[in-house]
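Input: a single structure, listed below in C-alpha cells.
The values are calculated or read from the model by the stated rules, or taken from the named source; none is laboratory data. Note that the structure is a prediction, hence the values are computed from the model and not measured. In this analysis, Cβ positions are derived from the backbone assuming ideal geometry, glycine residues included, and neighbour counts consider all displayed protein chains.
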Amino acid sequence: MRRVFLFLVPALLSSISFAQDIPLRWSGEVRMRAEADGRDFLSRSPMNLYTLLRARLGVEARPADNVAAFVQIQDARVFGEERDGTGAFNTISNTKNLDVHQAFIKIEKFLFNELSVKVGRQELVYGNERLVGAVGWSNIGRSFDGGLIRWSNPSMTTDFFLMNTGETNIPPVAAMPAAVKFNRDEGQLFSGIYYSRAITSNHQADVYLFHQLNRKRSVPNTDDLSRYTIGSYAKGTMSRFFYEAEVAYQTGKISVTDVGASMLTGSVGVSLSLSAITSVAVGADLLSGTATGSADSRTFDPPFATGHKFYGFMDYFIAIPSNTYNGGVRDLYLRCTAKPAESVLLNVWIHDFAFAETQFSRKNVGQEIDIIGAWRYAKNLTLEAGITAFIPGEVMQFLYGRDVATWMYVSAQLVF
C-alpha cells in the first residue's frame with residue numbers, strides 16, 4: 001500500500017500542476033548508515049551491528065505569488081526489521097514507518113515586504129544548533145508543529161514562533177456535551193524570539209529568548225516546567241582566523257524548584273592554506289551542573305539541541321541532564337581538518353570531558369577521539385566513514401568499566 005501511495009502522490013500532484021499550471025519543485029534524500037557499536041566499555045564482547053535507512057521525498061508547490069506549500073514525507077527504518085502478523089521476520093511484510101516530516105504553508109510579503117508567515121509542521125534551526133536544531137544525524141530528525149512569523153531584510157532576521165510539543169486534548173468523535181466538556185490542557189509549548197544580524201560581511205551576532213512550558217501539574221497548582229533560556233551567539237572570521245562563541249542563562253521553575261543555570265562556549269581556529277591540514281581549532285564548553293545538596297536546579301538543559309555535533313560522536317551526552325546525572329559538562333577539545341584530495345575531507349576531534357560539578361565523588365569523565373572522513377563521490381552523493389574511541393576516566397570507570405569503548409560507521413547519502 002505504501003508503494004502505491006508513493007507512486008500516486010507524484011502522479012496526482014503532477015496532474016494538478018498540468019491542469020492549473022502550478023510550479024512544483026521536488027527534493028529528496030536517501031541515506032544509509034551501517035554501524036558497529038561497542039559503546040558498552042566491554043572490549044571483549046562483540047560489537048552490535050545494524051544498518052539504518054532514511055528516505056525523504058519533498059515537494060513545494062507555488063499556487064500563487066508569494067504563497068507556497070511544502071510537504072515532505074519520510075520513511076525511517078532499520079534493515080531487516082519487517083515482521084508479519086505473527087511476529088516472524090518476513091521479507092514481504094509491510095512495516096508502516098511512513099510519516100510526514102514537514103508540511104507547512106508559507107506566505108511571503110504578508111502585509112509588508114519584510115514579513116513572512118509559516119504555519120504547519122516544520123524544522124527549526126537556530127545558530128549552530130547547540131540549543132535548537134533539526135538533529136540531522138538522527139535517523140528520524142526533529143520537527144515541530146506550530147507557527148512562525150519572520151521579519152527580515154538583507155542585514156537582519158527576527159523570528160517569533162510558538163510550537164506545540166505535547167498535546168493532551170484531542171478532538172471529540174461527536175460534538176456531544178459530555179464529549180466536549182472542558183478538560184484542562186496539560187500539554188507542552190515551546191515559544192521564542194530569535195534575532196540575527198550581520199554586523200559586517202564577516203561577523204554575525206544573534207540574541208534570543210526561549211520559553212518551555214509543561215502544564216502538567218504533578219504538584220497541585222504548579223506547572224511541571226516553566227523555564228526561560230536567554231542568550232547570545234556570535235561567529236565570524238578575521239583574516240585566516242575564525243571564531244564562534246555562545247553564552248546563555250536559564251531561569252524559571254521545574255515544578256517547585258527554582259532554576260538558575262548557565263552555558264558558556266567558545267572556539268577559535270586558524271585556516272592553513274599551505275598544508276594538507278586546512279584548519280586547526282581549539283574550544284571549550286561549560287554547561288553548569290547542580291552541586292550535591294543544592295536546593296535549586298543549576299543544571300543547564302539545552303532545549304532542543306543537536307547534541308551529536310558538539311559532545312562527541314559517540315553520543316554519551318545527548319541528554320545533558322540525565323546523561324551527566326545533573327553534573328553538567330566541561331568539554332575541552334581540539335579539532336583538525338585536512339583535505340588530502342579535492343573531494344575528500346578528514347576531521348579529527350579530541351575531547352576531554354569532565355562534570356562541571358562533582359558526582360559520585362568524581363569529576364573526570366574521560367577522553368574521546370573521533371576520526372571522520374567524507375568523500376564527495378559525485379555532486380549529490382557523499383560517502384562517509386568514522387571510527388571513534390572513548391578512554392574512560394574515573395566517572396566512566398566507576399559506572400561502567402575500565403575498557404576502552406569503540407564505535408564506527410560507514411554511510412552513503414544521496415540528496416537531490
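For segment 351-392, the set of residues classified as more than 30 Å from T292 (Cβ to Cβ) and touching an Asp or Glu at 6+ places or on another chain (Cβ under 9 Å) consists of I372, G373, A374, W375, R376, G386, I387, T388, A389, listed by residue number. P63 meets all of the listed conditions (1) in a loop (DSSP other than H, G, I, E, B); (2) modelled with pLDDT under 95 but one, namely (1).
What tally of residues in segment 58-69 results from selecting those that are without any contact (Cβ under 8 Å) to a residue 40 or more places away in the chain and either under 20 Å from the mean Cα position of the chain (by Cα) or within 12 Å of I105 (Cβ to Cβ) (or both)?
3
Mind listing just one residue for me: the one in segment 386-401 that is closer than 10 Å to Q367 by Cα and crowded, with 20+ Cβ neighbours inside 10 Å and, of those, nearest to the chain's Cα centre (by Cα)? Result: F390. Would you confirm whether or not segment 272-289 contains a residue that is within 25 Å of the chain's Cα centre (by Cα), assigned to a strand (DSSP E or B) and among the acidic types (D, E)? The answer is yes, given that some residue of segment 272-289 is within 25 Å of the chain's Cα centre (by Cα), assigned to a strand (DSSP E or B) and among the acidic types (D, E). Assessment of segment 316-323 against the conditions (aromatic (F, W, Y) and part of a strand (DSSP E or B)) yields no matching residue.
Summed over segment 300-323, the residues that are more than 20 Å from Y409 (Cα to Cα) and free of Cβ contacts under 8 Å to residues at least 40 places away in the same chain give a count of 5. For segment 126-148, taking the residues that are touching a Leu at 6+ places or on another chain (Cβ under 7 Å) and not in a loop (DSSP other than H, G, I, E, B), the one that is surrounded by the most Cβ atoms within 10 Å (Cβ to Cβ) is identified as V132.
Taking the criterion of being of a type in the set (K, R) and out of contact with any Ser or Thr (no Cβ under 6 Å at 6 or more places or on another chain), the residues of segment 223-275 that qualify are R227, K235. The single condition from (1) surrounded by fewer than 21 Cβ atoms within 10 Å (Cβ to Cβ); (2) under 21 Å from the mean Cα position of the chain (by Cα) that N380 fails is (2).
When the residues of segment 229-246 are narrowed to those that are surrounded by 17 or more Cβ atoms within 10 Å (Cβ to Cβ) and of a type outside the set (D, E), which ends up farthest from R197 (Cα to Cα)?
By that ranking, first place goes to T229.
Pairs are defined by a Cβ separation below 8 Å, a sequence spacing of at least 6 or placement on different chains, a first member in segment 379-406 that is within 13 Å of H351 (Cβ to Cβ) and modelled with pLDDT of 95 or more, and a second member that is acidic (D, E) and in a strand (DSSP E or B); the pairs so defined are T388/E368; T388/D370; A389/E368; F390/E368; I391/E368. In summary, A356 fulfils each of the numbered conditions (1) among the hydrophobic types (A, V, I, L, M, F, W, C); (2) in contact with a Lys or Arg (Cβ under 7 Å, 6 or more places away or on another chain); (3) surrounded by fewer than 20 Cβ atoms within 10 Å (Cβ to Cβ) with the single exception of condition (3). Would you confirm, using the coordinates I've provided, whether T222 is surrounded by fewer than 16 Cβ atoms within 10 Å (Cβ to Cβ), free of Cβ contacts under 8 Å to residues at least 40 places away in the same chain and under 27 Å from L124 (Cα atoms)? No: the conditions fail for T222.
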